[in-house]
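Enquirer: For reference, the structure I am asking about is given below.
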Amino acid sequence: MRRVLALITAAAFTVCLLSGCVEPAGPSSSSGGDGYVEFPSGSPDDFMYAGENDMFQYNIYGTHAEITKYIGSETDVSIPEGIENRKVTVIGVSAFSDRASLKSVHIPDTVEII
């Protein structure tokens, strides 16, 4: 039930974000204590490479990261605000598919697209 509620909430947020009732956080060019640095060079769409850690498969772009697949085993997951000094702004299509044991996903404010 929690998974369904999380998916409905994420879908509602996405619709609201796309329709303009929620504005995503603006870009930053500084380093902070939140685990990411957004580099001023490159555009957000400049794909650099694919990577993987213990929890996620991801793509690194010029100024952001995209979570492409959850590969961890935890049932309560927190999306990190940053990966490899890039702000996590996108959760890709089917990133949490085939995870029936998943109970909750915490999505930080850095995520702009789900």
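Enquirer: Just order 89-96, 61-68 by mean Cβ neighbour count inside 10 Å, highest at the front, would you?
Expert: 61-68, 89-96
Enquirer: While we're on this one: How much net charge surrounds Phe47 when only the other residues with a Cβ under 15 Å from the Cβ of Phe47 are counted, with Lys and Arg +1 and Asp and Glu -1?
Expert: Within the 15 Å Cβ shell, the charges total -3.
Enquirer: Which loop-located trypsin sites (Lys or Arg not before Pro) does segment 40-114 contain, where loop means any DSSP state but H, G, I, E or B and the Cβ has at most 13 other Cβ atoms within 10 Å?
Expert: Sparse-neighbourhood loop trypsin sites (Lys or Arg not before Pro): Lys103.
Enquirer: Provide the per-residue ³J(HN,Hα) series for segment 97-102, in order, calculated from phi with Karplus coefficients 6.51, -1.76, 1.60 and θ = phi - 60°, each as a whole number of Hz, with x at glycine and proline positions.
Expert: Each residue's phi maps through the Karplus curve to give 5, 6, 10, 5, 7, 5 Hz.
None of the figures in this text is laboratory data; all of them are computed from the coordinates on show. In this text the structure is predicted, and so the values were computed from the model without any measurement. As a convention, Cβ positions derive from the backbone with ideal geometry for all residues, glycine included, and neighbour counts pool all protein chains shown.
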